[in-house]
1. Scan segment 94-108 and give yes if some residue there is of a type outside the set (A, V, I, L, M, F, W, C) and at pLDDT below 85, otherwise no.
2. Where the second residue is in a loop (DSSP other than H, G, I, E, B) and surrounded by fewer than 18 Cβ atoms within 10 Å (Cβ to Cβ) and the first is in the same structural domain as A104 (by TED's automatic domain parsing) and of a type in the set (S, T, N, Q) and lies in segment 60-82, which pairs have Cβ atoms under 8 Å and are six or more apart or on separate chains?
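The values are calculated or read from the model by the stated rules, or taken from the named source; none is laboratory data. Keep in mind the model is a prediction, meaning the values are calculated, not measured. Cβ: placed from backbone, ideal geometry, glycine included. Neighbour counts: every protein chain shown.
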Amino acid sequence: MGTTQTAQFANGCTVATGCISKCIAVYDADQLETDLCNASLLGQYGDDLQAEVRPIVGQRARIVRGPLKELELTGPITEVKSQRRLTIMVKFLQQDTSISIDEADIELLQGTSPTISE
């Protein structure tokens, strides 16, 4: 039988779950408190919290922000460099060109899945 874990914060914000799924180290208690209260407020106003979709190598993307957006460049992601930087391969000047770009400047194309090159 599981126990309900409840946290009551000084500002009156209460967060409760039906069980413990994972213990995490808390390095900034104030930030955690703020994040939990904000998540609770989002839920009260009907906003849906969803997991962030992360780009993966092989998935196709389109450049939608920045100086290259007007060129309508699309291509497969060839490398995920860090949390927010990646490389995509596009056709530019009649040849394949690798572009290092911020993740916020692309749109992942729906219905595309990574393909394995032979």
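1. Taking segment 94-108 as the starting set, the residues that turn out to be of a type outside the set (A, V, I, L, M, F, W, C) are 94-98, 100, 102-103, 105, 107.
Those still in the list that are at pLDDT below 85 too: 94.
Within segment 94-108, one or more residues are of a type outside the set (A, V, I, L, M, F, W, C) and at pLDDT below 85.
2. T74/L109; T78/V57
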